[in-house]
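Worksheet: one structure, shown below.
The values are calculated or read from the model by the stated rules, or taken from the named source; none is laboratory data. The shown structure was predicted, so the numbers you read here are calculated from the model rather than taken from an experiment. When we count neighbours, we look across all protein chains shown, and the Cβ atoms used for this are built from the backbone with ideal geometry, even at glycine.
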Amino acid sequence: MLNGKTAIITGGSRGIGRAIALRLSALGADIAIIYAGNTEKAEMTAEECRANGVKASAYRCDISSSDDVRNTVKKINSELGNIFILINNAGITRDGLIAMMSEDMWDAVIDTNLKGTYLMTKAAVPYLIRGKGGRIVNISSVSGLTGNAGQANYSASKAGVIGLTKAVARELAPKGITCNALAPGFIRTDMTKEIEEDNPLFSAIPLGRMGEAEDVAAAAAFLVTAPYVTGEVIRIDGGLAM
């Protein structure tokens, strides 16, 4: 289905990014995994993708650096070719109440979650246009839809991703490029590993359980194969933000 098309996945070494990389590689896409620090995990994920019979490589990149992003995307296009999919998944948290949140905590989250999404999109778009189409999927959060106490920086960054998604969708629609967002709720990843299954938070989830990374990957796979869906925000939250 995606044979001969390259997918770039930021934060692709683990969690949601890894699940998306494996799902898209199973559909035939060649995979470029962008990671920040854990080379071993990134290479392991690339190897798992190659087991699906596709090309896959890991690229270390600071997505908050415009030079690093531009050079990395250029290298990916040269080595894997035909960039068709961009998954902006990389994200961090630096939680704290607003009265005690330092400027560094604010800047770190905005730089990775929002600025990184902007820089990656800006760098990839010329290749998508050249290929006469493409799919961009941004990973936002239900925190960007509803807000979350103690996460003003994270909520603001993810709300910004939604606004960015809609603006880019309008800009690129004439080029046949779609841009959508996913808004996960509580998904079982390293970021949520401290949340126990008996946590009262789960009583607020109609489906009554934490989601899995594969749940998000399934939605991402739908969006990269849906040519007539753009500017959409799909919640993957078990009904939490209904």
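Miscellaneous remarks
- Some residue of the range 82-92 being without any contact (Cβ under 8 Å) to a residue 60 or more places away in the chain, within 26 Å of S141 (Cα to Cα), crowded, with 17+ Cβ neighbours inside 10 Å and not aliphatic (A, V, I, L, M): no
- So A156, is it surrounded by fewer than 19 Cβ atoms within 10 Å (Cβ to Cβ), assigned to a helix (DSSP H, G or I), in contact (Cβ under 8 Å) with a residue 40 or more places away in the chain and of a type in the set (A, V, I, L, M): yes
- Residue pairs whose Cβ atoms lie under 9 Å apart, sitting 6 or more positions apart in sequence or on different chains, and linking a residue in the range 34-61 that is on the phi > 0 side of the Ramachandran plot to a partner that is in a helix (DSSP H, G or I) and at pLDDT 95 or above, are G53/S25.
- Some residue of the range 173-180 being within 28 Å of L2 (Cβ to Cβ), among the hydrophobic types (A, V, I, L, M, F, W, C) and in contact with a helix residue (DSSP H, G or I) (Cβ under 8 Å, 6 or more places away or on another chain): yes
- Restricting the range 3-18 to residues that are of a type in the set (G, A, S) and surrounded by fewer than 24 Cβ atoms within 10 Å (Cβ to Cβ), the residue that is nearest to M44 (Cα to Cα): G15
- Count - residues of the range 86-101 that are of a type in the set (A, V, I, L, M) and outside any loop (DSSP other than H, G, I, E, B): 5
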